[in-house]
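J.: Handing you a structure now.
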Amino acid sequence: MKPIFTKTKGLTDRPFHYCPGCTHGIIHRLIGELLEEMNLIEKTIGVAPVGCSGFCENYFACDMIGAAHGRAVAVATGAKRARPDRFVFTYQGDGDGASIGLAETISAAARGERITSIFVNNAIYGMTGGQMAPTSLIGQKTSTSPYGRDAETMGFPLDLPKILTQVEGAVYVASVSVDSPQGIKEAKKALRRAFQVQLDGLGYSFVSILSTCPTNWGVNPVEALEWLQTKMKPHFALGELKVPTIEGGDAV
Amino acid sequence: MALLMKGNEAIAEAAIQAGCRLFYGYPITPSTEIPEYMAKKMKAVGGTYLQAESEVAAIYMVYGAGAVGERVMTGTSSPGFSLMQEGLSFLFAAEIPCVIVDVMRGGPGLGGLGPTQADYFQLTKGGGHGDYHAIVLAPSSVQEMVDLTKESFDLADCYRNLVIIAVDGILGQMMEPVEFPPFKGRKLEPKDWAASGAEGRPKNNVISYYLTPELGESENIRWGDKMSMMKEAEQRFVEYEMEDADYAFVAFGTSARITETAIDILREEGIKVGLFRPVTLWPFPEKGLTARLDQIKGWMSIELSAGQMIEDLKLVVNGKAPVGFHGRMGGMTPEPEDVVTAFKEQLLGGVQG
Amino acid sequence: MSTARTITKYKFAGFGGQGVLFIGKVLAQAGMLAKQQVTWIPAYGPEMRGGTANCSVIISSKKIGSPTVGKPNVAIVMNEASYLKFIDTVVPGGTLYVNSSLIPELPGRVDIRIVRVPVNEIAHEMGDEKVANIVMLGVMQAMIPAVPDDILEKVLLQLAGKKPALAEQNMRALKAGKEYAMNL
Amino acid sequence: MNNLVKINSERCKSCGLCIHVCPKDVLTIGEIANSKGYYTVEMKDQTMCIACAFCALICPDLALEVYREEKGK
């Protein structure tokens, strides 16, 4: 029989600790596949965040560094500047990248660090039990917005990829979603381009991925896909928001 | 040939000579000559200077470079050092070798730019969370800043531990003649633990957490053993006029220099006093102090703070002799004559010279 | 230089731009070349702007303990604020060099020597007011030489670096200061 | 057709996303629980499987592998 789909060597054999239906696993797999397909496993230094994906160093087959809350991009910067020959990526949640580590993210983007950030947005703090995130939607009930997020007192959800399009050193910015097989294929395409941007030394590349949190959203995994599609997608800019240009303004 | 150099610049040059090719930092007075020197010189030696967006980012950039196995340094001053405390705790747990310079200035708060030693607690007791210690070196001359900086990278690599060079604003800003003699380093193990890309070997993870309390305890015990080892092997101090001393001052850095002059004044009056100068603030040189306990009739801690090191001194003296204190704060420094007067008042029962 | 134990503590003070840190550095460097122990400490930070920039220099025949100069043997004050700040700190028997171009006759002291020199005018007559600091260094060197003349001149030339015009101007200023002192 | 979705039942967490995206409805939650207590996914109708691999694409736990029957073998 011809294998159509088998496990990538870019991931270890360790089973994921994520809740049933959590789409972190899909994103891990896409990254693992690309590390293998692009022949990067032995050349990569990944940086893990704090949050649900804070143990992801156990899953990726490459060398990994565990960062502190929000500091993954700074750690990645330090590693990349020390070893410019290595492929360096960060894997971060929305709290990590858009709240406690917002300054690090935007500053690394402004410097055009040759690193790739994968930003997983599930509109909630999953690891700690479902508190409000910088990306939580207006009206969304979380354990720290029990009556729903209201803009008056808690402000508005932050669309980080949209902001990053305004930062010169951020060369590739995409916002994708892993809520369907088609979406997953597009997400992989975006990640591949982001990786290539780094390999080509063009600047900072950033891929935001809308992801689910069935447990803390209080829905089953299939309902979670629908919640993502109907509630989250309308609130966040989607697609390849910024692509590198060559002289003459054409996309490469 | 001797060069006349500022302490901050001498530290930066010594670091480069020790093989440090990465400096991540954020400028803050009175440590700014360190990043400035690095910005100028790193390029020439094929290294990297990077100005971080904050001290928080800077210390984690240090983490990244240390985790991939490279020699790396940052330098800052007290408020910036405060911002780095979270990172220091993480770097300790991840066992990242690195060198941090704290050129202390007045506090608390934004404080002033004058010299102080009021970061002593933060430096030696661990300003971040958890049970940890950095090796803390306290030079008292520009030459010693060079010698200790060169050695600090070996110490960091040897123990996979943080090494902090603690000076005050005066030492950072002061020019003194210095020489850069060749440095014979320690024999060091290859960094096979580093997360530098898993070419031809199993993958490495460099992390700072543990999943279970059992593992948490065993890791803490292992780190504790490492700290005991450093405590045993790395205590350092320098003595001045201690051989026949009846009374002894304990002081480090600039206050030790001031105290030396006070000792000269007292010696001219025939009073037998000496100086015990800790060179390592952590590990505190307990062994050297203990060896003098039977000899010394009274101790006195001289600090540019409200009295922080005196707590460590009292733990060692343990009631065997009186312990006096004199200090200035907020960026002021005592005159040697002030030290003399305080000594006479506190330890000679108010006898005026 | 005598072989007996000597230690001289200097304070150089003025407002930012008067080059007081520079002449302190020249003296320290010259002291080092003259095989003496030296320290140089600037007052740094906000103090460098406005009021009083100053530096402390010690030249000693033995190891220097305290590098701070609370009570200088010699003080150079280039503006009025510095005069007021430091006149009382000079040790009895010490010397205070005063830039009389900018500092009016103010209450003085009888237990120290006060040397008033219109260094700005002297420098101005030479065509460059910026070397007033070097003129004062020349006065000081003529009155109580801190280091051998040739070493001081060598350092002054060295520190001018690659600017021959500046080096020449400095040498002339040093000489002008010395000559002024001879006639005091 | 005799394509195969090979299920690593120890990795399956019974989330049901594979069933949700399968265009041919060949998967179901089975009656057997794995060591973690999850009733794992099974192929209920191998003949209908077109080996599109949508199930494996969306499986968050790497529990599925997909094989296509090769012609003439």
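J.: Could you tell me whether chain B comes out rounded, prolate or oblate from its Cα gyration tensor? Rule is a ≥ b ≥ c as square roots of the eigenvalues, rounded for a/c under 1.5, then prolate if a/b exceeds b/c, otherwise oblate.
T.: prolate
J.: Considering only DSSP beta bridges with both partners in chain C, what is the antiparallel share in %, to the nearest 5?
T.: Here the antiparallel bridges make up roughly 50 percent for chain C.
J.: GNM, chain C, Cα, under 10 Å: largest mean-square fluctuation among C:A75, C:A28, C:A146?
T.: Highest fluctuation of the listed residues: C:A146.
J.: Listing A:H24, B:H326, B:H129 from the residue with the fewest other Cβ atoms within 10 Å to the one with the most, what is the order?
T.: Least crowded to most crowded, the residues run B:H129, B:H326, A:H24.
J.: Just checking the output field for A:54-67: average partner chain Cβ neighbours within 10 Å of each residue's Cβ?
T.: Per-residue shielding by partner chains comes out at 6.
J.: Another question, if that's okay. Test of understanding: given chain A, find the longest segment containing no GluC sites (Glu not before Pro) that are in a DSSP loop and have at most 12 other Cβ atoms within 10 Å.
T.: A:1-167
J.: Run the numbers on region B:238-333 and let me know its relative contact order in percent, using alpha-carbon pairs under 8 Å that are six or more apart.
T.: Once normalised by length, the contact order is 31 percent.
J.: Work out the FRET efficiency for A:R192 and A:H235 from their Cβ-Cβ distance, taking R0 = 22 Å, and round it to the nearest 0.05.
T.: Given R0 = 22 Å and the Cβ-Cβ separation, E is 0.25.
J.: Could you rank the peptides B:209-215, B:300-306, B:315-321 by their average count of other C-beta atoms within 10 Å per residue, with the highest value first?
T.: B:300-306, B:315-321, B:209-215
J.: Could you tell me which of B:S82, B:V62, B:V101 has its Cα farthest along the dipole of chain B towards the positive end, charges placed at Cβ (Lys, Arg +1; Asp, Glu -1), taken about the Cα centre?
T.: B:V62
J.: Turning to a different aspect of this structure: Rounded if a/c is under 1.5, else prolate if a/b beats b/c, else oblate: with a ≥ b ≥ c from the C-alpha gyration tensor eigenvalues square-rooted, which is region B:250-353?
T.: In terms of gyration-tensor shape, oblate.
J.: Then there's this: Work out the charge dipole of chain D with +1 on the Cβ of Lys and Arg and -1 on the Cβ of Asp and Glu about the Cα centre, then indicate which of D:V26, D:A63, D:V41 is farthest towards its positive end.
T.: Of the candidates, D:A63 comes out farthest on the positive side.
J.: Next question. When the helices in chain B are scored as -39500 (n - 2.57) per DSSP H run of 4 or longer and the sum is shared across all residues, what 222 nm value do you end up with, to the nearest 500 deg cm²/dmol?
T.: Estimated from H runs of four or more residues: -12000 deg cm²/dmol.
J.: When all alpha-carbon pairs of chain D are counted, what percent fall beyond 15 Å?
T.: That tail contains 48 percent of the Cα-Cα pairs.
J.: Sticking with this structure for a sec: Given C:K9/C:K178; B:K41/C:K130; B:K150/C:K25; B:K41/B:K150, which pairs have Cα atoms separated by over 23 Å?
T.: B:K41/C:K130; B:K150/C:K25
J.: Counting only DSSP beta bridges with both residues in chain A, what percent are antiparallel, rounded to the nearest 5?
T.: 20 percent
J.: Also, I was wondering about something else. How large is the convex hull of the C-alpha atoms of region A:91-243 per residue, in Å³?
T.: Residue-normalised Cα hull volume stands at 98 Å³.
J.: From other protein chains only, count the Cβ atoms within 10 Å of every residue's Cβ in B:171-183, then give the mean.
T.: 4
J.: Sticking with this one: Compute the acute angle (0 to 90°) between the alpha-carbon long axis of helix B:142-159 and the principal axis of greatest extent of the alpha-carbon atoms of chain B; round to the nearest 10°.
T.: On a 0 to 90 degree scale, this one is about 50.
J.: Right, something else. Between B:V45 and D:E70, what is the FRET efficiency for a Förster distance of 51 Å, r being their Cβ-Cβ separation, to the nearest 0.05?
T.: The value I calculate is 0.30.
J.: Further, regarding this structure: How do A:C56, A:C62, D:C52, D:C22 line up, fewest other C-beta atoms within 10 Å first?
T.: In increasing order of surrounding Cβ atoms, one gets D:C52, D:C22, A:C56, A:C62.
J.: Something else now. In region B:106-200, which trypsin sites (Lys or Arg not before Pro) are in a loop and have at most 12 other Cβ atoms within 10 Å, using DSSP for the loop call?
T.: Answer by residue number: B:K184, B:R186, B:K187.
J.: Still on this model: Within 10 Å of each Cβ in B:1-8, how many Cβ atoms from other chains are there, averaged over the peptide?
T.: 3
J.: Let me ask another. How high is the relative contact order of chain B, in percent, counting Cα pairs under 8 Å that sit 6 or more residues apart?
T.: 17 percent
J.: Name the most mobile residue of C:A173, C:A132, C:A34, meaning the one with the largest mean-square fluctuation, in a Gaussian network model of chain C with Cα contacts below 10 Å.
T.: C:A34
J.: For region A:41-106, give the magnitude of the charge dipole about the Cα centre (Cβ charges: +1 Lys/Arg, -1 Asp/Glu; no others), in debye to the nearest 20.
T.: The calculated dipole for region A:41-106 is roughly 240 debye.
J.: Please identify every one of the trypsin sites (Lys or Arg not before Pro) in region A:1-45 that sits in a loop by DSSP and has no more than 16 other beta carbons within 10 Å of its own beta carbon.
T.: Hits after loop and neighbour filter: A:K9.
J.: With each run of n ≥ 4 DSSP H residues scored as -39500 (n - 2.57), what mean residue ellipticity at 222 nm is computed for chain C after dividing by its residue count and rounding to the nearest 500 deg cm²/dmol?
T.: About -12000 deg cm²/dmol.
J.: A follow-up question, please. When chain C is treated as a GNM, springs tying every alpha-carbon pair under 10 Å, which of C:S82, C:S56, C:S101 comes out with the largest mean-square fluctuation?
T.: C:S101
J.: Now for a separate question. When a/c reaches 1.5 or more, the comparison of a/b and b/c decides; with that in mind, is chain C rounded, prolate or oblate per its Cα gyration tensor?
T.: Here chain C falls in the rounded category.
J.: Ok, one more. P(r) of region B:80-216 in 5 Å steps, Cα pairs, percent per bin?
T.: 2, 9, 16, 18, 18, 15, 11, 7, 4, 2, 0
J.: Rank these for me by crowding, A:D200, D:D45, B:D294, going from fewest to most other beta carbons within 10 Å.
T.: By the 10 Å Cβ count, ascending: B:D294, D:D45, A:D200.
J.: Same structure, new question: Beyond 54 Å, what share of the Cα-Cα pairs of the protein assembly as shown is found? Please give it as a whole percent.
T.: Of all Cα-Cα distances in the protein assembly as shown, 29 percent exceed 54 Å.
J.: Given region A:126-216, what percent of its DSSP beta bridges are antiparallel, to the nearest 5?
T.: Beta bridges within region A:126-216, antiparallel portion: roughly 10 percent.
J.: Shifting gears a bit: Within the set B:K203/B:K226; A:K9/D:K44; A:K80/B:K43; B:K314/B:K344; A:K80/A:K233, which residue pairs have Cα atoms separated by over 23 Å?
T.: B:K203/B:K226; A:K9/D:K44; A:K80/A:K233
J.: Around B:V238, under 15 Å between beta carbons, what's the net of Lys plus Arg minus Asp minus Glu among the other residues?
T.: The answer is -2.
Since every read-out is calculated from the coordinates, none of them should be taken as a lab result. This one's a predicted model, so the numbers in the text were calculated from it and none came from an experiment. As a convention, Cβ positions derive from the backbone with ideal geometry for all residues, glycine included, and neighbour counts pool all protein chains shown.
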